[in-house]
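First up is the structure itself, then whatever we jot down about it.
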Amino acid sequence: MTFRQALKAGEERLLSVGIEEAAHDSLALLSHAIEKDAADVLLFGGSLSTEQQETFDRLVERRAARYPLQYILGESFFMGLGFYVDENVLIPRFDTECVCEAALENLPQNARVLDLCTGSGALAIAIKKTRPDATVDATELSPAALEIAKKNAKRNGVEIQFYLGDLFAQAQGYYDLIVSNPPYVPKKDWESLQEEVKHEPRMALDGGDSGFDVYKRIIDAVKDYLKPDGRLVLEAGDGQAETLVGMLKKRFKSLHVRNDLAGRPRTVIAQNLK
Ligand code: GLN
């Protein structure tokens, strides 16, 4: 089979199970199966060996079963940087890039930064990569996720202090900025999540009955770790920003909500004014 025929067959198979980005996914899987860049596949063409064909078919079937593309490829991109991902970490979301931008906009020079629930390390690594003057610590409860975050820091050539532990358990002193994309999916939404999301670590998603369990624990403790004018930047689940602002109001003097590219309020920035 030629590359073009394989691409078409893969696309049709993925479309038949309702995968929206079928053409994109088929190309990504073909490039992965034959270990070539997507651009080379499209520009130069060629034919698959029997072995490559078998690999490609297997990958397409895995994707058709709604297994996340990024886990099949073992790679995801965040803020233009490449990250290794597997089932031990949440796949970095486009939504979280807005959280990263908010953190970067709120970062003083030579800041001490803490990323809670770092997962693949996406936020911590992108912040350090963009602002090498910052000193970045990151904590994570899952040992397997922490290993991936360390691997990703190495891959992206940045130095981060990683700590294994629950939220602030290993936090060191006071920070200028604390950022987090904590688990926030409410129990009632669990069943209706996309099939792909169900392959992601429940620990990274499950925010308890209301979705606010981890937010509440962060907000209760955060002031003990923030400098007098420090800031907390939180990703908010869709529809959660208002409640979060309500929770933060009692403790912080200044609060801002930032919309994502789709105009939804998805980042809450709280400042601890001097
Ligand atoms: N954005 C993720 C989702 O909706 C949830 C991530 C999280 O719980 N922090 O699938």
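The values are calculated or read from the model by the stated rules, or taken from the named source; none is laboratory data. The structure displayed is predicted, hence computed values, not measured ones. A quick note on method: Cβ atoms are made from the backbone with ideal geometry, for glycine too, and the neighbour counts reach across all protein chains shown.
Just one of the numbered conditions (1) in contact with a helix residue (DSSP H, G or I) (Cβ under 9 Å, 6 or more places away or on another chain); (2) buried (at least 19 other Cβ atoms within 10 Å of the Cβ) is not true of D176: (1).
The set of residues in the range 169-194 that are more than 10 Å from the ligand (Cβ to nearest atom) and either modelled with pLDDT under 95 or basic (K, R) (or both) comprises A169, Q170, A171, Q172, G173, K187, K188, W190, E191, S192. Applying the condition of being among the charged types (D, E, K, R) and more than 13 Å from the ligand (Cβ to nearest atom) to the range 77-114 and asking which residue is nearest to T267 (Cα to Cα) yields E101.
For the range 120-156, a residue qualifies if it is farther than 17 Å from A169 by Cβ, part of a helix (DSSP H, G or I) and hydrophobic (A, V, I, L, M, F, W, C), and the qualifying residues are A122, L123, I125, A126, I127, A144, I148, A153. Please indicate, with yes or no, whether at least one residue in the range 160-167 is among the β-branched types (V, I, T), more than 16 Å from the ligand (Cβ to nearest atom) and in contact with a strand residue (DSSP E or B) (Cβ under 8 Å, 6 or more places away or on another chain). Yes, some residue in the range 160-167 is among the β-branched types (V, I, T), more than 16 Å from the ligand (Cβ to nearest atom) and in contact with a strand residue (DSSP E or B) (Cβ under 8 Å, 6 or more places away or on another chain). Among residues of the range 92-117 that are on the phi < 0 side of the Ramachandran plot and among the basic types (K, R), those with a beta-carbon under 7 Å from a residue that is away from the ligand (no atom under 16 Å from the Cβ) and at pLDDT 95 or above at least six positions away or on a different chain give the pairs R112/T135; R112/Y175; R112/D176.
Only one of the numbered conditions (1) more than 16 Å from the ligand (Cβ to nearest atom); (2) within 24 Å of A144 (Cα to Cα); (3) in contact with a Phe, Trp or Tyr (Cβ under 7 Å, 6 or more places away or on another chain) is violated by L73, and that is (3). Would you be able to say whether some residue in the range 100-115 is under 25 Å from N272 (Cβ atoms) and in contact with a Pro (Cβ under 6 Å, 6 or more places away or on another chain)? Among the residues of the range 100-115, not one is under 25 Å from N272 (Cβ atoms) and in contact with a Pro (Cβ under 6 Å, 6 or more places away or on another chain), which makes the answer no.
When A153, A145, A134 are screened for being touching a strand residue (DSSP E or B) at 6+ places or on another chain (Cβ under 7 Å) and touching a residue at least 12 places away in the same chain (Cβ under 8 Å), only A134 passes.
Among the residues of the range 115-135, is there at least one that is surrounded by 18 or more Cβ atoms within 10 Å (Cβ to Cβ), within 16 Å of the ligand (Cβ to nearest atom) and of a type in the set (D, E, K, R)? Scanning the range 115-135 turns up at least one residue that is surrounded by 18 or more Cβ atoms within 10 Å (Cβ to Cβ), within 16 Å of the ligand (Cβ to nearest atom) and of a type in the set (D, E, K, R). Where helices (runs of 4 or more DSSP H) fall wholly inside the range 26-91, the ranges with 1 or more residues that are among the charged types (D, E, K, R) and free of Cβ contacts under 8 Å to residues at least 60 places away in the same chain are 38-44, 50-64.
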